[in-house]
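The values are calculated or read from the model by the stated rules, or taken from the named source; none is laboratory data. Computed from a predicted structure; not experimentally measured. Here the Cβ is made from the backbone with ideal geometry for all residues, glycine too, and neighbour counts use every protein chain on show. These accessible areas exclude ligands, DNA and RNA; they are computed on the full protein's heavy atoms, side chains included. Shrake-Rupley method; radii C 1.70, N 1.55, O 1.52, S 1.80 Å.
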Amino acid sequence: MCAARTAPARVLDQRRAVGDRIRTARLEAAITQETLAERTGLDRKTIVRTESGTHSTLLDHVLLIARALGRPLADLVS
(Lines give C-alpha, C1' and ligand atoms only; values in the text may rest on other atoms or scores of the structure.)
Protein backbone atom coordinates (compact mmCIF):
# COMPACT_ATOMS: atom_id res chain seq x y z
CA MET A 1 0.00 0.00 0.00
CA CYS A 2 1.23 3.53 -0.80
CA ALA A 3 1.58 5.98 2.01
CA ALA A 4 -0.10 9.34 1.44
CA ARG A 5 2.36 11.99 0.36
CA THR A 6 2.25 15.48 1.76
CA ALA A 7 3.15 18.35 -0.52
CA PRO A 8 6.26 20.35 0.39
CA ALA A 9 5.69 23.38 2.61
CA ARG A 10 6.40 25.82 -0.22
CA VAL A 11 3.66 24.21 -2.33
CA LEU A 12 1.20 24.40 0.56
CA ASP A 13 2.09 28.08 1.04
CA GLN A 14 1.53 28.78 -2.66
CA ARG A 15 -1.79 26.92 -2.58
CA ARG A 16 -2.95 29.10 0.32
CA ALA A 17 -1.75 32.25 -1.48
CA VAL A 18 -3.75 31.35 -4.59
CA GLY A 19 -6.78 30.66 -2.41
CA ASP A 20 -6.37 34.03 -0.70
CA ARG A 21 -6.23 35.78 -4.09
CA ILE A 22 -9.37 33.96 -5.24
CA ARG A 23 -11.20 34.86 -2.03
CA THR A 24 -10.14 38.50 -2.33
CA ALA A 25 -11.28 38.66 -5.96
CA ARG A 26 -14.60 37.06 -5.05
CA LEU A 27 -15.19 39.51 -2.21
CA GLU A 28 -14.24 42.45 -4.46
CA ALA A 29 -16.84 41.15 -6.93
CA ALA A 30 -19.31 41.09 -4.01
CA ILE A 31 -20.43 37.52 -4.67
CA THR A 32 -20.86 34.56 -2.37
CA GLN A 33 -19.14 31.21 -2.64
CA GLU A 34 -22.48 29.77 -3.70
CA THR A 35 -22.82 32.30 -6.53
CA LEU A 36 -19.26 31.60 -7.67
CA ALA A 37 -20.03 27.90 -7.62
CA GLU A 38 -23.11 28.45 -9.77
CA ARG A 39 -21.18 30.60 -12.25
CA THR A 40 -18.42 28.03 -12.62
CA GLY A 41 -20.50 24.86 -12.51
CA LEU A 42 -18.43 23.66 -9.55
CA ASP A 43 -19.87 22.74 -6.20
CA ARG A 44 -19.51 25.04 -3.22
CA LYS A 45 -17.23 22.53 -1.45
CA THR A 46 -14.73 22.89 -4.29
CA ILE A 47 -14.80 26.68 -3.94
CA VAL A 48 -14.29 26.40 -0.16
CA ARG A 49 -11.38 23.98 -0.57
CA THR A 50 -9.79 26.12 -3.27
CA GLU A 51 -10.03 29.30 -1.22
CA SER A 52 -8.69 27.60 1.90
CA GLY A 53 -5.82 25.94 0.03
CA THR A 54 -6.48 22.66 1.82
CA HIS A 55 -6.65 20.57 -1.35
CA SER A 56 -4.82 20.51 -4.63
CA THR A 57 -6.90 22.33 -7.22
CA LEU A 58 -7.19 21.45 -10.87
CA LEU A 59 -6.02 24.06 -13.32
CA ASP A 60 -9.37 23.68 -15.08
CA HIS A 61 -11.13 24.80 -11.91
CA VAL A 62 -8.90 27.85 -11.50
CA LEU A 63 -9.54 28.77 -15.15
CA LEU A 64 -13.31 28.53 -14.57
CA ILE A 65 -13.02 30.64 -11.43
CA ALA A 66 -10.92 33.31 -13.16
CA ARG A 67 -13.44 33.55 -15.99
CA ALA A 68 -16.39 33.74 -13.58
CA LEU A 69 -14.66 36.54 -11.66
CA GLY A 70 -13.69 38.38 -14.84
CA ARG A 71 -10.02 38.22 -13.89
CA PRO A 72 -6.98 37.13 -15.86
CA LEU A 73 -5.60 33.82 -14.60
CA ALA A 74 -2.29 35.52 -13.80
CA ASP A 75 -4.03 37.76 -11.23
CA LEU A 76 -4.98 34.67 -9.24
CA VAL A 77 -1.83 32.58 -9.52
CA SER A 78 1.09 35.01 -9.69
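Solvent-accessible surface of the chain, taken per residue with a 1.4 Å probe and all protein chains present: 68 Å². Using only Cα atoms, tell me the angle between helix 9-28 and the longest principal axis of the chain; keep it within 0 to 90° and round to the nearest 10. Long axis of 9-28 versus the principal axis of the chain: about 10 degrees. A simple spin-label model places pseudo-atoms 7 Å from Cα toward Cβ; at Asp13 and Val77 they are separated by 2.0 nm.
Largest GNM mean-square fluctuation among Ala66, Ala30, Ala17, using the chain with Cα springs under 10 Å: Ala30.
Here the convex hull built on the C-alpha positions of the chain has a volume of 90 cubic angstrom per residue. Note on Ala30 and Ser56: with the Förster distance fixed at 30 Å, the Cβ-Cβ geometry gives a FRET efficiency of about 0.60.
Other residues within the sphere of radius under 10 Å centred on the Cβ of Ala68, judged by their own Cβ, net out at +3 (K and R +1, D and E -1). Shown for the chain: the carbon plus sulfur share of the solvent-accessible area, taken with all protein chains present and a 1.4 angstrom probe, equals 53%.
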